[in-house]
Amino acid sequence: MSLTSVTELQTLIRAHIDKSKYRPEIETVAVACAAGRVLAQDITSPLNIPCADISAMDGYTLPAAAEAGSRWQVAGESAAGKPFADNVPEGGCVRIMTGAVVPTGGACVVLKENVTVEENSIVLNQAARAGDNIRYCGEEVAIGNTVLQAGRILRTADIMLLAALGVGEVPVYRKIKVAVLSTGDELHEPGTPVGRSDQVYDSNRHTLMARLNLLPVEVLDLGQAADDLEGVLHVLDEAAQQADVVITSGGVSVGDYDYVREAVLRLGAIHHYKVAVKPGKPFVFGKMLNTWYFGLPGNPVSGFVGFDLFIKEALWLLCGATDVPQPLRFSAVLTQPVKKSPGRTDIQRALLQQEADGSWSAAPSGAQDSHRVWGVSRANGYMILPCEAGDLPAGTLVTVQPFTEAFL
């Protein structure tokens, strides 16, 4: 079987999900709890922002533009929440505070720093123009404007907007259920003692659950399955009946004890198997009944990279998102030579650094074998090395992708 490129597999996964037109059910959540969720319905503004003509500064509102040196009698005051009840009189002005409603007839606001106060009047130290320092009703948002569209991954700034519009509850797609399973007789649960030298701790499943907890999903921990076909079939069959997505770690290669791929074929269909990427060539994407399936390799770094390349965007799409953010990528200069063989896109773990002139440099974060978990922990980004590239000398410009959590 020929290898599929990273871009081709990403496109294939996206196409299958789009074709299914899958959307979770809708629920409402409190506006303060909506960040990170996917908006399920368009939000139309029920009011104007600002809701009236508002003063942008502390000062005095005048009935017309005025020249420097002109004198105006102070008729009263308008404060936030305590508006001036009458019109601005001809030849007079009203003292006004930031955020206060501009009284009827107010044409501009003169900053208090630009006037001289003389008893109950002011003298302008500079000319005032019509419209100065007034925020007009509806100039940012008008009643009926669509301010947020369904499918948006809500940000904290969106919460500010929604609350300002008086929205107390937000329609969002429910969290999809994602089941996580590890396979391998050699796996041991963290927090318990390892009794034999052939046992290793299951880092993959716990890493997956930690990464899933950053998304709007409900995680179902299926634990570990032994390396036998019937056992894997039983666990996957149960998972397919209760989860929207199943992600497994290990058992997707072609070894004598790798049963996951066979189990998925018996329960449903596999859409792809091998991809031209390093680490992580074996990758299974398929469907069991109505449940989407992703199979990651057992090597921990391969699984970590595969989640970023193929699963994260797919999960956002299945959560109902239409504006899935693409990873930030830019160019950096290698400070060390990098070893690479042509034929597969190589996702190497890297140390990225911004230099004094604003440019970026990159270096490998140690050896790049797919079992080296400390190298991923030390790294703060990836180097994305193209399929056709071979060894790269220091000074080469490469594409890098920072780990966002490393640059807070």
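The angle between the Cα long axis of helix 6-20 and the longest principal axis of the Cα atoms of the chain comes to about 70 degrees, rounded to the nearest 10.
Rounded to the nearest 500 deg cm²/dmol, what is the calculated helix-only ellipticity per residue at 222 nm for the chain, with -39500 (n - 2.57) per DSSP H run of length n ≥ 4? Don't skip to the end; give the middle numbers.
Values: 8 runs with 76 residues, N = 408.
Dividing the helical sum by the residues of the chain leaves -5500 deg cm²/dmol.
Could you give log10 I(q)/I(0) at q = 0.20 Å⁻¹ for region 122-272, computed by the Debye formula over C-alpha point scatterers of equal weight, without solvent? Debye output, listed in q order: -1.24. If you sort Trp292, Trp316, Trp374 by accessible surface, 1.4 Å probe, largest first, the order is Trp374, Trp316, Trp292.
Scoring 27-33, 378-384, 208-214, 57-63 by mean Cβ neighbours within 10 Å over their residues and listing the highest first yields 57-63, 378-384, 208-214, 27-33.
With 20 Å as the cut-off, how large is the P(r) tail for region 32-111, expressed as percent of Cα-Cα pairs?
Details: 1323 of 3160 pairs.
When every Cα pair of region 32-111 is considered, 42 percent fall beyond 20 Å.
Legend: calculated FRET efficiency, Thr44 to Arg155, from the Cβ-Cβ distance at R0 = 22 Å, rounded to 0.05, equals 0.70.
Note on Ile153: accessible area approximately 20 square angstrom, rounded to 10, probe 1.4 Å, nucleic acids and ligands left out. For Tyr201, the residues whose amide H sits under 5 Å from its own are His188, ignoring neighbours fewer than 5 places away on the same chain, with H placed 1.01 Å from N. With q set to 0.21, 0.28 Å⁻¹, the log10 of I(q)/I(0) for region 173-216, from the Debye formula over equal scatterers at the Cα positions, is -0.74, -1.02.
Label separation (Asp237 vs Ala68): 8.9 nm, computed from points 7 Å beyond Cα along the C-beta direction.
Please give the direction-averaged projected area of the C-alpha convex hull for region 27-175, in square nanometres with one decimal.
On the way: hull surface 38.9 nm².
Averaging across all directions leaves 9.7 nm² for the Cα convex hull.
Let me check against my output: what whole-number percent is the relative contact order of region 56-179, with C-alpha pairs under 8 Å and at least 6 apart? Could you put the intermediate results ahead of the total?
Numbers: 207 pairs, mean separation 32.7, N = 124.
Here the relative contact order equals 26 percent.
Probing with 1.4 Å while keeping every protein chain in the model, the per residue accessible area of region 145-280 equals 46 Å².
Between Val333 and Lys19, the C-beta separation translates, for a Förster distance of 35 Å, into a calculated FRET efficiency of about 0.25.
Work out how much length Ala164 to Ala56 would gain on full extension: take 0.36 nm times their residue separation and subtract the Cα-Cα distance, in nm to one decimal. Let's see the in-between values first.
Details: separation 108, 0.36 × 108 = 38.88 nm, distance 1.72 nm.
Answer, rounded to one decimal: 37.2 nm.
For the pair Thr146 and Val117, label points projected 7 Å from Cα toward Cβ lie 5.0 nm apart. The relative contact order of the chain comes to 16 percent, based on Cα pairs under 8 Å that sit 6 or more residues apart. The fraction of accessible area contributed by carbon and sulfur in the chain is 51 percent, rounded to a whole number (1.4 Å probe; ligands and nucleic acids excluded). For the residues Val117, Val338, Val264, a GNM of the chain with alpha-carbon springs under 10 Å puts the largest fluctuation on Val117. In the chain, the longest principal axis of the Cα atoms and the axis of helix 229-242 are about 20 degrees apart.
Cα-based count: Lys pairs in the chain below 23 Å, eight or more positions apart or different chains? So the count of such lysine pairs works out to 25.
So what's the net charge close to Ala85: Lys and Arg +1, Asp and Glu -1, counting the other residues with Cβ under 15 Å from its Cβ? Provide the component values of the computation, followed by the final result.
Numbers: positive: Lys82, Arg95; negative: Glu77, Asp86.
Local charge sum for Ala85: 0.
Counting heavy atoms of the protein chains alone, Glu262 has an accessible area of about 80 Å² for a 1.4 Å probe. Which percent, to the nearest 5, of DSSP beta bridges fully inside the chain are antiparallel? Restricted to the chain, the bridges split so that about 65 percent are antiparallel. Taking region 298-322 and a reference point 7 angstrom along Cα→Cβ of Thr7, the backbone N atoms nearer than 18 Å belong to 309-310.
The values are calculated or read from the model by the stated rules, or taken from the named source; none is laboratory data. This one's a predicted model, so the numbers in the text were calculated from it and none came from an experiment. Neighbour counts are summed over all protein chains in view; Cβ atoms, including those assigned to glycine, are modelled from backbone coordinates with ideal geometry. Note: accessible area is taken over every heavy atom of the protein model, side chains too, but ligands, DNA and RNA are not part of it. Shrake-Rupley method; radii C 1.70, N 1.55, O 1.52, S 1.80 Å.
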